[in-house]
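Beneath this line is the structure, given in structure tokens, with notes to follow.
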Amino acid sequence: MYICICNAIREKDIRSAARCQAGGAEDIYGSMGYRPQCRQCLEDAEDIIADERARTIA
């Protein structure tokens, strides 16, 4: 599923990056070579990042 339509970033891409990198959504986007444009996706991206990191710890 696409989370960021502006940059065509999928949920699986965010989850993968969250396992390997620190920081929030904007940091993750930057590491993938993107930056938030309309910013409507950031809250959902932050939730996905938190969920993925919680899974890694558990």
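The values are calculated or read from the model by the stated rules, or taken from the named source; none is laboratory data. In this text, all values refer to a predicted model and were calculated from it rather than measured experimentally. When we count neighbours, we look across all protein chains shown, and the Cβ atoms used for this are built from the backbone with ideal geometry, even at glycine.
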Neighbours by Cβ (under 8 Å, 6+ apart or cross-chain): first from the range 14-31, of a type in the set (Phe, Trp, Tyr); second part of a helix (DSSP H, G or I) and surrounded by 13 or more Cβ atoms within 10 Å (Cβ to Cβ): Tyr29/Ala45
field: Residues located in the range 32-51, provided they are surrounded by 12 or more Cβ atoms within 10 Å (Cβ to Cβ) and under 10 Å from the mean Cα position of the chain (by Cα)
entry: Met32, Cys41, Leu42, Asp44, Ala45, Glu46, Asp47, Ile48, Ile49, Ala50
query: Does the range 2-38 hold any residues that are of a type in the set (Ser, Thr, Tyr) and within 14 Å of Ala54 (Cα to Cα), and which are they?
result: Ser16
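Determine which member of the set Ala8, Ala25 is at pLDDT 95 or above and at positive phi.
Working: Ala25 fails: at positive phi.
Going through Ala8, Ala25 in turn, just one is at pLDDT 95 or above and at positive phi: Ala8.
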message: Looking only at the range 1-26, how many residues end up being surrounded by 13 or more Cβ atoms within 10 Å (Cβ to Cβ) and assigned to a helix (DSSP H, G or I)?
response: 9
Subset of the range 32-58 [under 13 Å from Asn7 (Cα atoms) and assigned to a helix (DSSP H, G or I)]: Leu42, Ala45
